[in-house]
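Trainee: This structure is in structure tokens; I'll ask about it shortly.
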């Protein structure tokens, strides 16, 4: 663990820096595979599935039978836990529904905004050691509430051509319309262009390794939207003397076990807390199955003593953490002052795990400082805001002159004419 | 004008296609300039300003004196028109403010969502033949309502090192905090990296030529967000016998005068309307100063007869127009059925020009079919949605078990431990 004491502001840009990731080399590979899938479709998808996932598949679509089988394999206890999570996630995202916004801006000029669903969305769920069925809930539930017509899920098959049963169970439970056994770059490319068997979608969501991350960036060059740019997961904890060191250590470790590149930061105005958390980490890490991964992330973690709360808040806003835990006697100061964070966890009994799984908030959040400019996934991520207007004869008479003058000043005579013609027709009446 | 009669669905993908734009060559140039500005800052900005805008500048910042001078140069009549537009745009965007969304998802589990402003935003306003001061209103007003701390505007200087006075007037009126005389790729690069004189921003908004468009795409690779990808402006009109041909023609022409690559489409179930609109276009185009530009766009325009309204609606949703005008006896059918459009204009007295300038809706809208997956600029474009949660002792007892089971099933023991420790501490009490 690296320790810093009241680091001067000149050092902040270094302290808030994330490891730079160079994607230049990968980008070439990704673009080549995209090109091949664009032209050869399913044949190319099968080729790369064989190459990267080690399984030859003729058919990528998961059958109803496979879904039924999967349902049997998921333990009742896990199903019940998923039901609790689903209920909370549903409630929180359902509450985000917004109603039509209507304004008569000038007498006779009626403007309104409505949100309508993105019709076709693609959800990418990585496989590998941890089957991220929780991410299925986080993406499929808001997609379903939004009313997306096609909710397509892609996840890589294992060596036997199967997808983890809990992923299938969760997908079916949350309204996914079709599930395909396709992973990595080839999945993102297939969703971008569409193939004979896999539909093209308008927006792609979900986490993934560096290949998937770059593939999603490349997808945007072909007109497909994505949820957000991605980077390694992060947690920043602010803890003062009111914090319980064992809890703080467990939160930092739960972040650290994600990967060796996880970003783990503790900021405190108490040297005592910093020392105790450090000691707790050393103790708790021993028992973890993913100890080696966690240890590497912890080695790079930062324990930062900052005496003044206002300096701490400024630093945190500059860092812009994905997850931000506040354990402070002065929590309201941090809650109201935080400008840049993906999701905020307040108090000793609010671990990040709660938001990762079951409290109801979304866990697909901006990393890498992107909480300065991106929202986490929420209901609106699956909707588009559209505007409407209807102007009466009286209405165009009220604002017509202003439009004519502005169009004229911008040198756009046809724009002016479109109004003049209408105004004239009303004079004649 | 190209005419189509009940085109079969097999032809739709061709009919809805936009001209493909190849940015590969430009991308190299853009990336080279980005690199130079990243390393050399203002010196490189000055170099490219001299090269592209033909003026050597030591200082890019517009002074207060220049703003005062500009104010004197704008005619009173134009100021009054701008005031009308500002008032309507303000009302419509102010109404988009959303309140905190709070849900107690499970007893003791309090989750809420709040929107907070993107602290630093950059607005790009092109110059050239038409000084787009209307775009200043469309971007600066919602930025100000959102509460963005720094609202930076960049616009290219003319040969005398000046920015159009109406742009300066509008910027000052709408709360822009700083205005810089920088245009093109160099402006976008400066806003992306920051230089000694020009601040780095978190999100860049605004239209521009193909160089600016590609520069904005490149900016996203360096972590800067952008409003949306851009393409040539578009209008699709659906008109039945209730439409007034002269008005429809004037709307199509106001779109056509934007540029030779403007997309202009009329869909109708009435051959009579199609014929009359065509005749009106031929008549009206003669009087336009931008006749030659408009003529080229009109030559490529499409007049499409579709007999059935449901087929027409399907086609329009497939095309996903930026601007969509509905002049129909059955307007409610189209209003409720349109899924993909940037902004919708309803009835004979609602010209697109109204939304371009003064009705209150935003004119920064998704083109190129992007209304399938992107919103037009609105208040939320300047905000981030953040989530918060606070869990009580009772709350973690209510959902803790579910979190433990799910974390275990995903193989993330430290996530489980963070909950177990807390549950255990409560047992002991």
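The values are calculated or read from the model by the stated rules, or taken from the named source; none is laboratory data. Here the structure is a predicted model, which means the values were calculated and not measured. Here Cβ is always computed from backbone atoms with ideal geometry, including for glycine, and neighbour counts include all displayed protein chains.
Trainee: Name the residue that is nearest to the other protein chains (Cβ to nearest Cβ), counting only residues in the range A:199-211 that are outside any loop (DSSP other than H, G, I, E, B) and surrounded by 21 or more Cβ atoms within 10 Å (Cβ to Cβ).
Mentor: Filtering the range A:199-211 for residues outside any loop (DSSP other than H, G, I, E, B) gives A:203-205, A:210-211.
Add one more test, that the residue is surrounded by 21 or more Cβ atoms within 10 Å (Cβ to Cβ), and what stays is A:203-205.
Values: A:203: 5, A:204: 10, A:205: 11 Å.
Step by step, filter the range A:199-211, then rank; the result is A:203.
Trainee: Right, another one. Which ones in the range A:86-117 are more than 7 Å from every other protein chain (Cβ to nearest Cβ) and closer than 17 Å to residue B:113 by Cα?
Mentor: Kept after step one, since they are more than 7 Å from every other protein chain (Cβ to nearest Cβ), are these residues of the range A:86-117: A:86-87, A:89-90, A:93-94, A:97, A:99-100, A:102, A:104, A:107-108, A:110, A:112, A:114-115, A:117.
Passing the criteria: A:89, A:90, A:93, A:94, A:97, A:99.
Trainee: For the range B:387-399, which positions are surrounded by 23 or more Cβ atoms within 10 Å (Cβ to Cβ) and out of contact with any strand residue (DSSP E or B) (no Cβ under 6 Å at 6 or more places or on another chain)?
Mentor: B:396
Trainee: How about the range A:186-198: which of its residues are in contact with a helix residue (DSSP H, G or I) (Cβ under 8 Å, 6 or more places away or on another chain) and within 14 Å of another protein chain (Cβ to nearest Cβ)?
Mentor: Within the range A:186-198, A:191, A:192, A:193 meet the criteria.
Trainee: I'd like to verify a number: residues in the range A:39-85 that are under 26 Å from the mean Cα position of the chain (by Cα) and either within 14 Å of another protein chain (Cβ to nearest Cβ) or free of Cβ contacts under 8 Å to residues at least 12 places away in the same chain (or both), how many?
Mentor: Summing the residues that are under 26 Å from the mean Cα position of the chain (by Cα) and either within 14 Å of another protein chain (Cβ to nearest Cβ) or free of Cβ contacts under 8 Å to residues at least 12 places away in the same chain (or both) in the range A:39-85 gives 8.
Trainee: Across the range B:286-301, which residue is farthest from the other protein chains (Cβ to nearest Cβ) among those that are farther than 19 Å from residue A:410 by Cβ and touching a helix residue (DSSP H, G or I) at 6+ places or on another chain (Cβ under 7 Å)? Step through it out loud before you land on a result.
Mentor: We begin by selecting, within the range B:286-301, every residue farther than 19 Å from residue A:410 by Cβ; these are B:286, B:295-296, B:298-301.
Now narrow it down to the ones that are touching a helix residue (DSSP H, G or I) at 6+ places or on another chain (Cβ under 7 Å): B:295, B:298, B:301.
Working: B:295: 12, B:298: 11, B:301: 13 Å.
Applying the filter and picking the extreme gives B:301.
Trainee: May I ask you to say which residue of B:355, B:395 is part of a helix (DSSP H, G or I), at pLDDT 95 or above and over 30 Å from residue B:149 (Cα atoms)? I'd like the intermediate steps shown before the answer.
Mentor: Details: B:355 fails: over 30 Å from residue B:149 (Cα atoms).
Being part of a helix (DSSP H, G or I), at pLDDT 95 or above and over 30 Å from residue B:149 (Cα atoms) holds for just one of B:355, B:395, which is B:395.
Trainee: With out of contact with any helix residue (DSSP H, G or I) (no Cβ under 7 Å at 6 or more places or on another chain), surrounded by 24 or more Cβ atoms within 10 Å (Cβ to Cβ) and facing chain B (nearest Cβ under 7 Å) as the only criterion, which of A:355, A:360, A:411 stands out?
Mentor: That would be A:355, the only listed residue that is out of contact with any helix residue (DSSP H, G or I) (no Cβ under 7 Å at 6 or more places or on another chain), surrounded by 24 or more Cβ atoms within 10 Å (Cβ to Cβ) and facing chain B (nearest Cβ under 7 Å).
Trainee: Can you pull out the residues in the range B:133-145 that are surrounded by 23 or more Cβ atoms within 10 Å (Cβ to Cβ) and in contact (Cβ under 8 Å) with a residue 60 or more places away in the chain? Don't jump to the end; show me each part of the working.
Mentor: First, pick out the residues of the range B:133-145 that are surrounded by 23 or more Cβ atoms within 10 Å (Cβ to Cβ): B:133-143.
Passing the criteria: B:134, B:135, B:138, B:139, B:142, B:143.
Trainee: Considering (1) within 12 Å of chain B (Cβ to nearest Cβ); (2) at pLDDT 95 or above; (3) touching a strand residue (DSSP E or B) at 6+ places or on another chain (Cβ under 9 Å), say which one residue A:281 fails and leave the rest.
Mentor: Answer for residue A:281: the failing condition is (3).
Trainee: Looking only at the range B:414-429, which residues are more than 7 Å from chain A (Cβ to nearest Cβ) and either buried (at least 24 other Cβ atoms within 10 Å of the Cβ) or touching a helix residue (DSSP H, G or I) at 6+ places or on another chain (Cβ under 9 Å) (or both)? Outline the logic, then answer.
Mentor: First pass over the range B:414-429, keeping only residues more than 7 Å from chain A (Cβ to nearest Cβ): B:416, B:420, B:423-429.
Correct list: B:416, B:420, B:423, B:425, B:426, B:429.
Trainee: Can you tell me which residue among B:214, B:176 is in a helix (DSSP H, G or I) and in contact (Cβ under 8 Å) with a residue 12 or more places away in the chain? Can you show your working first?
Mentor: On the way: B:176 fails: in a helix (DSSP H, G or I).
Matching residue, one of B:214, B:176: B:214.
Trainee: Examine the range B:323-344 for a residue that is more than 12 Å from chain A (Cβ to nearest Cβ) and crowded, with 22+ Cβ neighbours inside 10 Å, and state whether such a residue exists.
Mentor: yes
Trainee: All but one of (1) at pLDDT 95 or above; (2) more than 27 Å from the chain's Cα centre (by Cα); (3) not in a helix (DSSP H, G or I) hold for residue A:265, so report the exception by its number.
Mentor: If we test residue A:265 against (1) at pLDDT 95 or above; (2) more than 27 Å from the chain's Cα centre (by Cα); (3) not in a helix (DSSP H, G or I), just (2) comes out false.
Trainee: Just to be sure I understand, how many residues within the range A:234-261 are crowded, with 24+ Cβ neighbours inside 10 Å and closer than 22 Å to residue A:377 by Cβ?
Mentor: Count: 6.
Trainee: Follow-up question, since we're still on this one. I'd like to know if the range A:226-239 contains one or more residues that are within 12 Å of chain B (Cβ to nearest Cβ), modelled with pLDDT of 95 or more, in a strand (DSSP E or B) and under 20 Å from the mean Cα position of the chain (by Cα).
Mentor: Yes: one or more hits.
Trainee: In this structure, does residue B:205 turn out to be on the phi < 0 side of the Ramachandran plot, within 16 Å of the chain's Cα centre (by Cα) and in the same structural domain as residue B:28 (by the TED database)?
Mentor: On the way: on the phi < 0 side of the Ramachandran plot: yes; within 16 Å of the chain's Cα centre (by Cα): yes; in the same structural domain as residue B:28 (by the TED database): yes.
Against the criterion (on the phi < 0 side of the Ramachandran plot, within 16 Å of the chain's Cα centre (by Cα) and in the same structural domain as residue B:28 (by the TED database)), residue B:205 qualifies.
Trainee: Right, another one. Within the range A:254-272, which residues are within 10 Å of residue A:301 (Cα to Cα) and at the interface with another protein chain (Cβ under 8 Å from one of its Cβ atoms)?
Mentor: The answer is A:256, and nothing else.
Trainee: Looking at A:178, A:200, A:159, can you tell me which residue is over 26 Å from residue A:367 (Cα atoms) and modelled with pLDDT under 95?
Mentor: Values: A:178 fails: modelled with pLDDT under 95; A:200 fails: modelled with pLDDT under 95.
Unique residue meeting the criteria: A:159.
Trainee: Another question, if that's okay. Please go through the range A:268-282 and pick out each residue that is under 30 Å from residue A:128 (Cα atoms) and either free of Cβ contacts under 8 Å to residues at least 12 places away in the same chain or assigned to a strand (DSSP E or B) (or both).
Mentor: Selection gives A:282 alone.
Trainee: Within the range A:146-165, take every residue that is within 11 Å of chain B (Cβ to nearest Cβ) and within 21 Å of residue A:57 (Cβ to Cβ) and give me the one that is surrounded by the most Cβ atoms within 10 Å (Cβ to Cβ).
Mentor: The extreme case among them is A:164.
Trainee: Looking only at the range B:372-392, filter to residues that are part of a strand (DSSP E or B) and at the interface with chain A (Cβ under 7 Å from one of its Cβ atoms); which one of those is nearest to residue B:230 (Cα to Cα)? Explain how you work it out, then say what you get.
Mentor: Filtering the range B:372-392 for residues part of a strand (DSSP E or B) gives B:383-391.
Filter once more, keeping what is at the interface with chain A (Cβ under 7 Å from one of its Cβ atoms): B:384-391.
On the way: B:384: 22, B:385: 24, B:386: 27, B:387: 30, B:388: 34, B:389: 37, B:390: 41, B:391: 43 Å.
For the range B:372-392, the residue satisfying everything is B:384.
Trainee: Look at the range B:363-376 and say how many of its residues are in contact with a helix residue (DSSP H, G or I) (Cβ under 6 Å, 6 or more places away or on another chain) and surrounded by fewer than 24 Cβ atoms within 10 Å (Cβ to Cβ). Spell out the reasoning first.
Mentor: The initial filter retains those residues of the range B:363-376 that are in contact with a helix residue (DSSP H, G or I) (Cβ under 6 Å, 6 or more places away or on another chain), namely B:363-364.
Adding the requirement that they be surrounded by fewer than 24 Cβ atoms within 10 Å (Cβ to Cβ) leaves B:364.
Matching residues across the range B:363-376 total 1.
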